[in-house]
Amino acid sequence: MRKKVIAGNWKMNKLANDANQFVDEVKSKLPQSEKVEAIVCAPFPFLAQLVEKTKDTKLKVAAQTMHYEESGAYTGEVSPEMLADLGVTYVVLGHSERREYYNETDETVNKKVHAAFKHQLTPIVCVGETLEQREANETMDHVEMQVTKALEGLSEEQVANTIVAYEPIWAIGTGKTATSEQANEVCTHIREVIAKLTSKETADKVIIQYGGSVKPANVEELLAQSDIDGALVGGASLEPDSFLQLVEAGAK
Ligand SMILES: O=C[C@H](O)COP(=O)(O)O
(Lines give C-alpha, C1' and ligand atoms only; values in the text may rest on other atoms or scores of the structure.)
Protein backbone atom coordinates (compact mmCIF):
# COMPACT_ATOMS: atom_id res chain seq x y z
CA MET A 1 0.00 0.00 0.00
CA ARG A 2 1.51 3.31 -1.09
CA LYS A 3 1.49 6.13 1.41
CA LYS A 4 0.02 9.52 0.57
CA VAL A 5 2.41 12.42 0.12
CA ILE A 6 1.09 15.95 0.60
CA ALA A 7 3.57 18.62 -0.48
CA GLY A 8 2.84 22.30 0.02
CA ASN A 9 4.68 24.34 -2.58
CA TRP A 10 4.95 27.84 -1.20
CA LYS A 11 6.44 29.15 -4.46
CA MET A 12 7.77 32.73 -3.97
CA ASN A 13 5.71 33.54 -0.89
CA LYS A 14 6.24 34.27 2.82
CA LEU A 15 9.04 35.93 4.81
CA ALA A 16 11.29 34.20 7.33
CA ASN A 17 9.00 34.88 10.29
CA ASP A 18 5.92 33.67 8.43
CA ALA A 19 7.73 30.44 7.60
CA ASN A 20 8.65 29.91 11.26
CA GLN A 21 5.12 30.69 12.43
CA PHE A 22 3.69 28.24 9.91
CA VAL A 23 5.84 25.42 11.23
CA ASP A 24 5.16 26.34 14.86
CA GLU A 25 1.48 26.16 14.15
CA VAL A 26 1.36 22.92 12.22
CA LYS A 27 4.06 20.75 13.77
CA SER A 28 2.21 19.59 16.87
CA LYS A 29 -1.07 19.13 14.97
CA LEU A 30 0.22 16.96 12.13
CA PRO A 31 -1.32 13.49 12.07
CA GLN A 32 1.19 10.99 13.42
CA SER A 33 0.00 8.33 10.98
CA GLU A 34 2.54 6.49 8.84
CA LYS A 35 -0.01 6.63 6.04
CA VAL A 36 0.90 10.20 5.14
CA GLU A 37 4.05 12.24 4.54
CA ALA A 38 3.83 16.03 4.84
CA ILE A 39 6.33 18.25 3.07
CA VAL A 40 6.82 21.99 2.73
CA CYS A 41 8.60 23.18 -0.41
CA ALA A 42 10.10 26.46 0.72
CA PRO A 43 12.14 29.23 -0.91
CA PHE A 44 15.92 28.79 -0.55
CA PRO A 45 16.45 31.47 2.15
CA PHE A 46 14.19 29.60 4.62
CA LEU A 47 15.48 26.07 4.10
CA ALA A 48 18.12 26.06 6.85
CA GLN A 49 15.79 27.48 9.50
CA LEU A 50 12.99 25.11 8.51
CA VAL A 51 15.19 22.04 8.62
CA GLU A 52 16.25 23.09 12.11
CA LYS A 53 12.68 23.81 13.22
CA THR A 54 11.24 20.57 11.84
CA LYS A 55 13.82 18.30 13.49
CA ASP A 56 11.97 15.69 15.54
CA THR A 57 8.69 16.46 13.76
CA LYS A 58 6.83 14.67 10.96
CA LEU A 59 7.23 17.64 8.63
CA LYS A 60 9.83 17.31 5.85
CA VAL A 61 11.47 20.13 3.91
CA ALA A 62 11.89 20.39 0.14
CA ALA A 63 13.59 22.84 -2.17
CA GLN A 64 11.66 24.11 -5.18
CA THR A 65 14.50 23.60 -7.68
CA MET A 66 18.28 23.18 -7.82
CA HIS A 67 21.13 23.02 -10.36
CA TYR A 68 22.42 19.68 -11.61
CA GLU A 69 26.12 20.52 -11.37
CA GLU A 70 28.15 19.84 -8.23
CA SER A 71 29.67 23.33 -8.05
CA GLY A 72 31.14 26.02 -10.26
CA ALA A 73 30.53 29.34 -11.94
CA TYR A 74 26.72 29.33 -11.90
CA THR A 75 25.84 32.65 -10.29
CA GLY A 76 22.63 32.53 -8.31
CA GLU A 77 22.32 28.75 -8.40
CA VAL A 78 22.14 26.17 -5.62
CA SER A 79 23.74 22.73 -5.89
CA PRO A 80 22.28 19.39 -4.82
CA GLU A 81 25.08 18.98 -2.30
CA MET A 82 24.24 22.32 -0.68
CA LEU A 83 20.66 21.13 -0.16
CA ALA A 84 21.73 17.75 1.20
CA ASP A 85 24.26 19.41 3.47
CA LEU A 86 21.47 21.52 5.00
CA GLY A 87 19.36 18.44 5.70
CA VAL A 88 16.80 19.02 2.96
CA THR A 89 15.30 15.69 1.88
CA TYR A 90 13.13 16.44 -1.19
CA VAL A 91 13.46 18.65 -4.24
CA VAL A 92 10.80 19.69 -6.75
CA LEU A 93 12.11 19.38 -10.31
CA GLY A 94 10.65 20.52 -13.62
CA HIS A 95 7.75 22.49 -12.20
CA SER A 96 5.86 24.05 -15.12
CA GLU A 97 6.74 27.53 -13.84
CA ARG A 98 10.45 26.60 -14.01
CA ARG A 99 9.93 25.16 -17.49
CA GLU A 100 8.07 28.26 -18.64
CA TYR A 101 10.13 31.06 -17.09
CA TYR A 102 13.59 29.54 -16.56
CA ASN A 103 14.16 27.33 -19.59
CA GLU A 104 13.93 24.07 -17.68
CA THR A 105 13.79 21.26 -20.26
CA ASP A 106 13.24 17.52 -20.15
CA GLU A 107 16.99 17.16 -20.55
CA THR A 108 17.89 19.36 -17.59
CA VAL A 109 15.16 17.74 -15.51
CA ASN A 110 16.75 14.35 -16.21
CA LYS A 111 20.20 15.65 -15.21
CA LYS A 112 18.71 17.07 -12.02
CA VAL A 113 16.95 13.81 -11.16
CA HIS A 114 20.28 11.96 -11.42
CA ALA A 115 22.01 14.66 -9.36
CA ALA A 116 19.28 14.45 -6.71
CA PHE A 117 19.76 10.72 -6.24
CA LYS A 118 23.52 11.16 -6.08
CA HIS A 119 22.96 13.28 -2.99
CA GLN A 120 20.14 11.25 -1.43
CA LEU A 121 17.49 13.82 -2.26
CA THR A 122 14.09 12.49 -3.31
CA PRO A 123 12.98 14.17 -6.55
CA ILE A 124 9.40 15.31 -7.07
CA VAL A 125 9.25 15.45 -10.86
CA CYS A 126 6.48 17.60 -12.33
CA VAL A 127 4.84 16.84 -15.65
CA GLY A 128 1.69 18.11 -17.30
CA GLU A 129 0.08 19.46 -20.42
CA THR A 130 -1.07 22.91 -21.54
CA LEU A 131 -4.70 23.63 -22.35
CA GLU A 132 -3.85 23.61 -26.07
CA GLN A 133 -2.31 20.16 -25.75
CA ARG A 134 -5.34 18.85 -23.88
CA GLU A 135 -7.70 20.27 -26.47
CA ALA A 136 -5.62 18.67 -29.23
CA ASN A 137 -5.80 15.29 -27.44
CA GLU A 138 -2.05 15.33 -26.87
CA THR A 139 -2.10 14.96 -23.08
CA MET A 140 -1.16 11.29 -22.87
CA ASP A 141 1.64 11.48 -25.46
CA HIS A 142 3.08 14.64 -23.94
CA VAL A 143 3.08 13.30 -20.40
CA GLU A 144 4.53 9.98 -21.60
CA MET A 145 7.41 11.82 -23.25
CA GLN A 146 8.08 13.97 -20.18
CA VAL A 147 8.06 10.97 -17.83
CA THR A 148 10.22 8.86 -20.14
CA LYS A 149 12.83 11.58 -20.53
CA ALA A 150 12.87 12.50 -16.84
CA LEU A 151 13.50 8.90 -15.77
CA GLU A 152 16.05 8.04 -18.47
CA GLY A 153 19.09 6.17 -17.15
CA LEU A 154 17.74 5.60 -13.63
CA SER A 155 17.92 2.22 -11.91
CA GLU A 156 14.64 0.51 -11.06
CA GLU A 157 15.26 1.29 -7.40
CA GLN A 158 15.69 4.99 -8.20
CA VAL A 159 12.53 5.00 -10.29
CA ALA A 160 10.64 3.38 -7.41
CA ASN A 161 11.84 6.20 -5.17
CA THR A 162 10.92 9.02 -7.54
CA ILE A 163 7.74 11.00 -6.90
CA VAL A 164 5.93 12.10 -10.04
CA ALA A 165 3.56 15.05 -9.80
CA TYR A 166 0.99 15.32 -12.57
CA GLU A 167 0.02 18.98 -12.86
CA PRO A 168 -2.10 20.02 -15.84
CA ILE A 169 -0.83 23.54 -16.49
CA TRP A 170 -4.35 24.84 -17.13
CA ALA A 171 -5.33 23.87 -13.59
CA ILE A 172 -2.45 25.58 -11.76
CA GLY A 173 -3.53 28.62 -9.77
CA THR A 174 -6.62 29.00 -11.92
CA GLY A 175 -9.21 27.48 -9.62
CA LYS A 176 -9.93 24.97 -12.40
CA THR A 177 -9.24 21.52 -11.02
CA ALA A 178 -9.13 18.58 -13.35
CA THR A 179 -12.02 16.32 -12.39
CA SER A 180 -10.85 13.44 -10.25
CA GLU A 181 -11.53 11.09 -13.18
CA GLN A 182 -9.47 13.23 -15.59
CA ALA A 183 -6.62 13.43 -13.08
CA ASN A 184 -6.71 9.71 -12.36
CA GLU A 185 -6.80 8.80 -16.03
CA VAL A 186 -3.49 10.57 -16.59
CA CYS A 187 -1.96 9.25 -13.35
CA THR A 188 -2.90 5.71 -14.40
CA HIS A 189 -1.27 6.33 -17.76
CA ILE A 190 1.88 7.58 -16.01
CA ARG A 191 2.01 4.36 -13.98
CA GLU A 192 1.59 2.30 -17.15
CA VAL A 193 4.40 4.25 -18.83
CA ILE A 194 6.66 3.60 -15.83
CA ALA A 195 5.72 -0.11 -15.90
CA LYS A 196 6.71 -0.24 -19.57
CA LEU A 197 10.04 1.44 -18.77
CA THR A 198 10.77 -0.76 -15.76
CA SER A 199 8.34 -3.36 -14.41
CA LYS A 200 4.84 -3.44 -12.94
CA GLU A 201 6.33 -4.15 -9.53
CA THR A 202 8.43 -0.98 -9.69
CA ALA A 203 5.62 1.14 -11.14
CA ASP A 204 3.33 0.03 -8.32
CA LYS A 205 5.77 1.54 -5.81
CA VAL A 206 5.92 5.01 -7.40
CA ILE A 207 4.08 7.81 -5.64
CA ILE A 208 2.10 9.83 -8.18
CA GLN A 209 0.70 13.14 -7.00
CA TYR A 210 -1.89 15.37 -8.60
CA GLY A 211 -1.45 19.14 -8.51
CA GLY A 212 -3.58 22.03 -9.75
CA SER A 213 -6.03 23.94 -7.55
CA VAL A 214 -6.13 21.23 -4.90
CA LYS A 215 -7.89 22.45 -1.75
CA PRO A 216 -9.52 20.96 1.33
CA ALA A 217 -12.86 20.80 -0.50
CA ASN A 218 -11.62 18.56 -3.33
CA VAL A 219 -8.63 16.71 -1.89
CA GLU A 220 -10.51 13.71 -0.51
CA GLU A 221 -12.12 12.89 -3.81
CA LEU A 222 -8.78 13.19 -5.61
CA LEU A 223 -6.98 11.01 -3.06
CA ALA A 224 -9.69 8.37 -3.31
CA GLN A 225 -8.68 7.65 -6.93
CA SER A 226 -6.78 4.46 -7.67
CA ASP A 227 -3.57 6.06 -8.95
CA ILE A 228 -3.43 9.37 -7.07
CA ASP A 229 -1.12 9.03 -4.08
CA GLY A 230 -0.92 12.60 -2.92
CA ALA A 231 -1.02 16.22 -3.91
CA LEU A 232 1.38 19.00 -4.81
CA VAL A 233 -0.43 22.08 -3.59
CA GLY A 234 0.29 25.75 -4.15
CA GLY A 235 -2.26 28.32 -2.95
CA ALA A 236 -4.07 26.10 -0.44
CA SER A 237 -0.81 25.14 1.28
CA LEU A 238 0.04 28.63 2.44
CA GLU A 239 -2.25 28.76 5.48
CA PRO A 240 -1.58 26.33 8.33
CA ASP A 241 -5.24 25.33 8.76
CA SER A 242 -5.75 24.54 5.12
CA PHE A 243 -2.43 22.65 4.88
CA LEU A 244 -3.36 20.61 7.95
CA GLN A 245 -6.71 19.70 6.44
CA LEU A 246 -4.95 18.46 3.31
CA VAL A 247 -2.53 16.34 5.34
CA GLU A 248 -5.37 14.97 7.47
CA ALA A 249 -7.17 13.90 4.30
CA GLY A 250 -4.02 12.00 3.34
CA ALA A 251 -3.99 10.18 6.68
CA LYS A 252 -7.53 8.81 6.28
O1 LIG B 1 3.11 23.26 -7.16
C2 LIG B 1 1.89 23.44 -7.05
C3 LIG B 1 1.07 23.65 -8.21
O4 LIG B 1 1.66 24.49 -9.14
C5 LIG B 1 -0.37 23.91 -7.94
O6 LIG B 1 -0.61 25.24 -7.55
P7 LIG B 1 -2.10 25.62 -7.07
O8 LIG B 1 -2.46 24.62 -6.00
O9 LIG B 1 -1.97 27.02 -6.54
O10 LIG B 1 -2.97 25.48 -8.27
Practice problem: Counting helices only, and only those DSSP H runs with n ≥ 4, report the 222 nm mean residue ellipticity of the chain as the sum of -39,500 (n - 2.57) divided by its residues, in deg cm²/dmol to the nearest 500. | Solution: -12500 deg cm²/dmol
Exercise. Obtain the radius of gyration and the Kirkwood radius of the chain from its C-alpha atoms and give Rg over Rh.
Key: 0.93
Practice problem: List the residues whose amide H sits under 5 Å from the amide H of Q209, counting only those 5 or more places along or on another chain, with H placed 1.01 Å from N in the peptide plane. | Solution: V164, A165, Y166, D229
Practice problem: May I ask you to give the solvent-accessible area per residue for the chain, in square angstrom, as obtained with a 1.4 angstrom probe? | Solution: 46 Å²
Quiz item: What is the calculated FRET efficiency for T57 to E221, with r their C-beta to C-beta distance and R₀ = 30 Å, to the nearest 0.05?
Solution: 0.60
Self-check item: Local net charge near E138, Cβ-Cβ under 11 Å (Lys/Arg +1, Asp/Glu -1)
Solution: -4
Exercise. Just subtract the alpha-carbon distance of D141 and K35 from 0.36 nm times their residue separation and send over the number in nm, one decimal.
Key: 35.0 nm
Quiz item: Expressed in nm to one decimal, what extension gain is obtained for the pair K176 and M1 from 0.36 nm per residue of sequence separation less their Cα-Cα distance?
Solution: 60.0 nm
Self-check item: the chain - percent of accessible surface contributed by carbon and sulfur, probe 1.4 Å
Solution: 49 percent
Exercise. Can you tell me the FRET efficiency between A195 and D241 if r is taken as the Cβ-Cβ distance and R0 is 45 Å, rounded to the nearest 0.05?
Key: 0.75
Self-check item: Residue-count net charge about S180 - beta-carbon cut-off 14 Å; Lys, Arg +1, Asp, Glu -1
Solution: -4
Quiz item: What order do you get for 218-230, 84-96 when each peptide is scored by the mean count of other beta carbon atoms within 10 Å, highest first?
Solution: 84-96, 218-230
Quiz prompt | Descending semi-axes in whole angstrom, ellipsoid equivalent of the range 70-175, from the Cα gyration tensor | solution = 25, 16, 12
Exercise. Could you pull out the pairs from K3/K55; K14/K205; K53/K176; K29/K118 whose alpha carbons sit more than 24 Å apart here?
Key: K14/K205; K53/K176; K29/K118
Exercise. Between D204 and F44, take the C-beta separation as r, use R0 = 35 Å, and let me know the FRET efficiency to the nearest 0.05.
Key: 0.55
Quiz prompt | Computed lengthening from E100 to E157, 0.36 nm per intervening residue step minus Cα-Cα distance | solution = 17.5 nm
Practice problem: Give me the distance between the Cα centres of the range 148-177 and the range 82-111, rounded to whole Å. | Solution: 12 Å
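The values are calculated or read from the model by the stated rules, or taken from the named source; none is laboratory data. Nothing here was measured: the structure is a model prediction, and the numbers come from that model. A quick note on method: Cβ atoms are made from the backbone with ideal geometry, for glycine too, and the neighbour counts reach across all protein chains shown. Accessible surface areas use protein heavy atoms only, side chains included; no ligands, DNA or RNA. Shrake-Rupley method; radii C 1.70, N 1.55, O 1.52, S 1.80 Å.
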